[in-house]
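Remarks on the structure that follows.
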Amino acid sequence: MDPPPRRLAAPLLLLLLLLLAAAPPAARAWKRDEFRNCNQTPFCKRSRTRAPHSLDAPLSVSAGSLSVSPDGSVSAELSHPSRPRPLVLRLSALPPHALRLQIDEDYSTAAPPHRRFQVPDVLLPDIEARTLHLPKPKTAGGVSTVALSSDLDVVVKHDPFELTVRRAGSGDPVLSFNSHGLFDFEPLQVSKPEEETWEEHFRSHTDKRPRGPQSITFDVSFYGADFVYGLPEHGSTSLALRPTRGPGVEESEPYRLFNLDVFEYLHESPFGLYGSIPFMIGHGAQGSSGFFWLNAAEMQIDVLAPGWDEAATPEHGRIDTLWMAEAGVVDAFFFVGSEPKDVVKQYISVTGTPAMPQQFATAYHQCRWNYRDEADVDGVDAGFDEHDIPYDVLWLDIEHTDGKRYFTWDHSAFPNPEVMQRKIADKGRKMVTIVDPHIKRDSAFHLHQEATDKGYYVKDANGNDYDGWCWPGSSSYPDMLNPEIREWWADKFSYENYKGSTPTLYIWNDMNEPSVFNGPEVTMPRDALHYGDVEHRELHNAYGYYFHMATADGLLKRGEGKDRPFVLSRAFFAGSQRYGAVWTGDNSADWDHLKSSIPMVLTLGLTGLPFSGADVGGFFGNPEPDLLVRWYQVGAFYPFFRGHAHHDTKRREPWLFGERRTAIIREAIHVRYSLLPYFYTLFREASVTGIPVMRPLWLEFPDDKETYNNGEAFMVGPSILAQGIYEEGQKSVSVYLPGKESWYDLRNGSPYKGSVSHKLPVLEDSIPSFQRGGTIVPRKDRFRRSSTQMVNDPYTLVIALNSSNAAEGELYVDDGKSYDYQQGAFIHRRFVFADNKLTSVNIAPDSLGKKKFTSECVIERIIILGLRSGAKKAIIEPGNQEVEIESGPVSLRSGSSPVAPTIRRPNVCTADDWTIRIA
């Protein structure tokens, strides 16, 4: 096949790309002028300059069109005399408190040549089956009211159109749509007027926009909210979304949702990064609410400061937002809850629960771009053992391949990949290799030839296979919107197709925004074409999602549906939680990026992605040793815990910074391994409810206003609070401990009062971390080479008593790898301490299936923090066995002193019902 004309300049362009790749990180850092701002983005510029209620053609509900459809939804027609076609509105309800609003053009008359894109495969397939039947609207005085639930109404104002979700009893609004009259829906046009130019230009790139402008804009207001949160991904040290327009706001861009490959991104910026989730949560003392817009086109969102609309007295407790998208339809969900967990659960009920990871994936991962060869892999693996540091996964970046051809190996550096993997697996460890979406355009590469022959690539605006540039040079990209192509891609992960892979090899999807080095804003042109004649602009933010989906399906097929996949993806969209983990991308080795990692990971958890983390140490640059140590101490609490570094950086395996720092890093990793039973239990909760593993303080303490914008401290589950050290040479730190109950230092069990900020000295060997009074945390305190080797080790229970001398917690255990748990093969226990008695109760439902899971693991220590009695003995039932209560260390690390009452060797089985009574 003759190469397209643009490839005539390939040698020169390749040289430039190679020089770019070889440039030091600073030369490739994020530059503002490489990416479009709002003023350079016509739909954003148009929308942002409109004043409230200033549209010449506000839409209204056509008289008599509001009715209940046969499917139980409420439908209506939105129109204006100047529009070529009316809009069709549909309202439907999902239990318990979710409203769905859909608006699209009416294609029954004067239909344009193309339909607007509606994002498939993101919402759960049973969503229509779960839709409730709405009652007939009650209409009076140009306003129609529909009962959403027993305590919520939907109020539709006809002219101009406005929608409000309000509380049925009080009439208080919770959420509103178009209350400021900014709803604009640019109609698709049949043909371009001769005098109108649709082309858009940015730097050297031209977007011909053959289908014309088709943007959508509207305002959404959150009532009773002190702050709003969400909209990943952007860099910020603030957990709450800061206002971007209005009085007192310096010049700011909107929050941009447009998946981009951004080198060394700014730690404080609303510009878009690698993933996009158009989901926002409002929270305040009056309750919580959420808004989700299913749209994969570029989106820009303003958070508006009070008085932005020039109101003389801005309404207290209301936050207004402006949502702008380049294309698509309105498919929006309004969620209402009495607390924020309700809102998160409702969002998850629409987009799907997170995948349950394998046990190994929740442990420590070691990565670098790149480990050079098999000898390097052997040396790193041996180094962890030599220094008594556990790890579970070793990663290989792009250099392991044959010339950046994915599913291949560099046979000089990795001549025996299966042997290499098996040597790692003998210690219970796994490996991960990278597989990116760009396929090298090489006629000798079977994958490229097959994709070309089958017509499986994304097309350019002229209908030819799109040819862009990435790591291999000239590359093309599979059209993952097409289910047939996703199925084809999934087959490539079989052992037959991926030569040299083994059952212990898992996958990393990078560059799947998709990144195109010579494309506009380092991504694919917006006028490229996908399956179904869909323009790339319409699905851009979901491309990585479909790639992640296809890869996870490939590992699922490889394991014949028995092995849980592990796939890490850089790009993401709503629903990505169903397919694996994500990380915050190419961060930098500086203190600001360490600090910003906390609100970034917390925001990912709030928006459905609980399995996330940041590269420990920073990807770009060389962290000073103290920064690296502090990052490990924080990273030990990330849900996804991985050290990673750029190939231009100095080697930074944990033992390369002197004996003292090696010991501190070892301790941080040991903390993670001791808490793996607790983390795994939290991942189980996330897989059922969507409640994240790592949580903002206000998710657990929704009434405590002191927590609402705290982005430095965080919860791990309901029981542990931690706060990083984010400044070099810091001598003291203020830590706010919420709630009325006491907190206990994780290191030594010392108690601290709740609802108080404590000024604490900064210690070299740990960060401030505490267990909440009233909780029970399961641990494993014997350290092995990997989590796999800890499977049969005994447990420790740490009981932290509250003011009522009570506590409770949970432990979830399964085989750590298969899907047998879906058929009942797991142990799920609740531990309750009350009236000086600890009880283990089975909370696993009986109706899941016939498979069983058994474990001989026992509990070998029970530590009781806050016990005021001087009891010396405990009685175990059944059996009436008497055991001693001794003073023992809170942790088994060196230097720990006996500080807490400890029941040693009760040896009760985790799978059994039992009671231990303090005599």
(request) List the cysteines in the chain whose Cβ has no other cysteine Cβ under 4.7 Å from it. (result) 367, 470, 857, 909
(request) Calculate, in nm to one decimal, what residue 238 and residue 758 gain on full extension: separation in residues at 0.36 nm each, minus their alpha carbon distance. (result) 185.1 nm
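What number comes out for accessible area per residue over region 798-919 if the probe is 1.4 Å? Units Å², please. Walk me through the numbers before you get to the answer.
Values: 6080 Å² over 122 residues.
With the other protein chains kept in place, region 798-919 gives 50 Å² per residue.
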(message) Can you compute 3J(HN,Hα) from phi for each residue in region 629-640, using the Karplus curve 6.51 cos²θ - 1.76 cosθ + 1.60 with θ = phi - 60°, rounded to whole Hz and x for Gly and Pro?
(response) 4, 4, 5, 4, 5, 6, x, 4, 9, 4, x, 10
(request) Step through the table entries 731/753; 492/850; 45/157, compare each Cα-Cα distance with 24 Å, and write down the pairs that go over it. (result) 492/850; 45/157
(request) Please list, in chain and number order, the residues 5+ apart from residue 161 or on another chain whose amide H is under 5 Å from its amide H, with Hs placed from the backbone. (result) 59, 60, 61
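For residue 494 and residue 127, calculate 0.36 nm times their separation in residues minus their Cα-Cα distance, and state this gained length in nm to one decimal.
Here the segment from residue 494 to residue 127 would lengthen by 128.9 nm.
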(request) Could you provide, to the nearest whole Å², the per residue accessible area of region 28-68 with probe 1.4 Å? (result) 51 Å²
(message) Please list, in order along region 591-605, the HN-Hα scalar couplings obtained from phi with the Karplus expression 6.51 cos²θ - 1.76 cosθ + 1.60 (θ = phi - 60°), rounded to whole Hz, x for Gly and Pro.
(response) 5, 4, 6, 4, 5, 6, 5, 5, x, 5, 5, 4, 5, 4, x
(request) Treat each spin label as a single point 7 Å out from the Cα along the C-beta direction, and report the residue 69 to residue 731 distance in nm. (result) 6.7 nm
(message) Give me the three principal axis extents of region 274-406 from the C-alpha atoms, as integers in angstrom, largest value leading.
(response) 70, 35, 29
(message) Going by amide H atoms built from the backbone, whose H comes under 5 Å of the H on residue 572, apart from near neighbours?
(response) 275, 276
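Please give me the summed charge of the neighbours of residue 285: other residues whose Cβ is under 10 Å from its Cβ, Lys and Arg +1, Asp and Glu -1. Don't skip to the end; give the middle numbers.
On the way: positive: 705; negative: 226, 703, 704.
Result for the neighbourhood of residue 285: -2.
How many percent of the accessible area of the chain is carbon or sulfur, using a 1.4 Å probe?
Values: 16380 of 33210 Å².
Of all accessible area on the chain, carbon and sulfur atoms account for 49 percent.
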(message) Cβ neighbours within 10 Å, averaged per peptide: list 472-481, 551-560 in order, most packed at the top.
(response) 472-481, 551-560
(request) Distance between Cα centroids, region 850-908 to region 62-108: provide it in whole Å. (result) 61 Å
(message) Could you derive backbone 3J(HN,Hα) for region 358-373 from the dihedral phi with the Karplus parameters 6.51, -1.76 and 1.60 (θ = phi - 60°), listing whole Hz in sequence and x where the residue is Gly or Pro?
(response) 5, 4, 4, 5, 8, 9, 8, 10, 10, 9, 7, 9, 9, 6, 5, 6
(message) With n ≥ 4 as the cut-off for DSSP H runs, can you work out [θ] at 222 nm for the chain, using -39500 (n - 2.57) per run divided by the number of residues, rounded to the nearest 500?
(response) -5000 deg cm²/dmol
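Keeping all protein chains in place, calculate the accessible area per residue for region 571-618 (probe 1.4 angstrom), answer in Å². Walk me through the intermediate numbers first.
Working: 470 Å² over 48 residues.
Roughly 10 Å² per residue, with all protein chains present.
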(request) Enumerate the amide H contacts of residue 736 below 5 Å, restricted to partners 5 or more residues apart or on another chain; note that Pro and chain-start residues carry no placed amide H. (result) 758
(request) Multiply the residue gap between residue 789 and residue 443 by 0.36 nm, knock off their C-alpha separation, and tell me the result in nm, one decimal place. (result) 120.0 nm
(request) With Rg and Dmax of the Cα atoms in Å defined as stated, name the option among [x] 40.5, 141; [y] 28.1, 93; [z] 38.2, 116 computed from the structure displayed. (result) [y]
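Over all directions, average the projected area of the Cα convex hull of region 76-223 and note it in nm².
Details: hull surface 49.1 nm².
That works out to 12.3 nm².
From the cross-link list 423/557; 851/873; 499/817, which pairs have alpha carbons spaced over 31 Å apart? Please report the intermediate quantities before stating the final value.
Numbers: 423/557 25 Å; 851/873 38 Å; 499/817 23 Å.
Over 31 Å apart, Cα to Cα: 851/873.
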(request) Please identify which residues in region 795-814 have an amide N closer than 17 Å to a label point set 7 Å out from the Cα of residue 843, following the Cα→Cβ vector. (result) 797-802, 806-814
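The values are calculated or read from the model by the stated rules, or taken from the named source; none is laboratory data. Please read all numbers here as calculations on a predicted model, not as lab measurements. Reconstructed Cβ throughout: ideal geometry from the backbone, glycine too, with neighbour counts over all protein chains shown. Ligands, DNA and RNA are excluded from the accessible area calculation, which covers all protein heavy atoms including side chains. Shrake-Rupley method; radii C 1.70, N 1.55, O 1.52, S 1.80 Å.
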